[in-house]
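First up is the structure itself, then whatever we jot down about it.
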Amino acid sequence: MAMEQKTPQQAYMSRRERREHMRSERGSGSSGRSHGRMRRVLIWGGSIVAIVLIGWGMVRLSRNTTLPAQNGALSSPVSERDNIQGPADAPVTLVEYSDLQCPACAAFVPVIAKAVAEPELKGKVRLVYRYFPLSIHPNAQLASQAAAAAGLQGKFWDMHDLMFEKQDVWSPLSGRAARDAFVAYAEQIGLDKGKFLSDIDSGAVKDRVKTDLDSGTASGVNSTPSFFVNGVRMTHPQSYEEFKQNLINALNANK
């Protein structure tokens, strides 16, 4: 067993003094470790407090931010910039927020056409189409830009009808192949190809699509198709009759 080495100071201490000295040293080491632990606790505690304060501040900020949803009311009134079909003075205005790659939107195209052609509604409904491309559909944004570019040449509805008719064809295509398909559709409906190619990626067209998207978000739209009748959100209809009745009710309310 190794012999305990004594310092010169310890060599002149009595046994009782040496014991007291050793206890004192052990106490100092324990105190140092305690202080170290305390410092770590303070550092971690300070970090936690900082995180809590930042989180509280973010909650305060979010609570002070006005959310855009208008509780079922159309946030942006219809104007001349919209894609409109039907009499300007029609007693019923049907605004649709739609995604050109959305299968449900494609399914509603014949439903809308049939409803507005009904004897009691014919000539009394103004249709308004607004772009609402969903991020889950990879070609939806470009499709909206293609339709908006066609609109600059006065043929939005022609492109609208053809793109929904051919949705199963272009929807699964890659970005470049989808673009080529839209160019072919533009030529098919008689657009100036050069102008179409210039317009489809222009800032004006992208802003046009974004304006519709922002207005839909501000109106509480979160799915497509979403309809507003005379500025009021339509509960998603479960049948053709229910859809038609919504329009008839709006017509009767205006009499």
- request: Would you mind getting me the FRET efficiency between L197 and K255? Use the beta-carbon distance for r and R0 = 41 Å, nearest 0.05.
  value: 0.25
- request: Provide the packing ranking of 213-219, 87-93, 128-134, i.e. peptides ordered by the mean count of other C-beta atoms within 10 Å per residue, highest first.
  value: 128-134, 213-219, 87-93
message: How many angstrom lie between the Cα centre of region 138-161 and the Cα centre of region 209-255?
response: 21 Å
query: R0 = 25 Å: FRET efficiency of A104 with S79, Cβ-based, nearest 0.05?
result: 0.40
query: So which of K166/K210; K122/K166; K124/K210; K122/K255 end up more than 19 Å apart by C-alpha?
result: K166/K210; K122/K166; K124/K210
- prompt: Does a label point 7 Å from the Cα of A184, set along Cα-to-beta-carbon, have any residues of region 143-171 with amide nitrogen under 15 Å, and which are they?
  reply: 162-171
- prompt: Using modelled backbone amide H atoms (1.01 Å from N, in-plane), which distant-in-sequence or interchain residues come within less than 5 Å of N83's amide H?
  reply: Y129
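We did not get these values from a lab; they are worked out from the coordinates using the rules stated. Keep in mind that what you see is a predicted model, and the values were worked out from it rather than measured. A quick note on method: Cβ atoms are made from the backbone with ideal geometry, for glycine too, and the neighbour counts reach across all protein chains shown.
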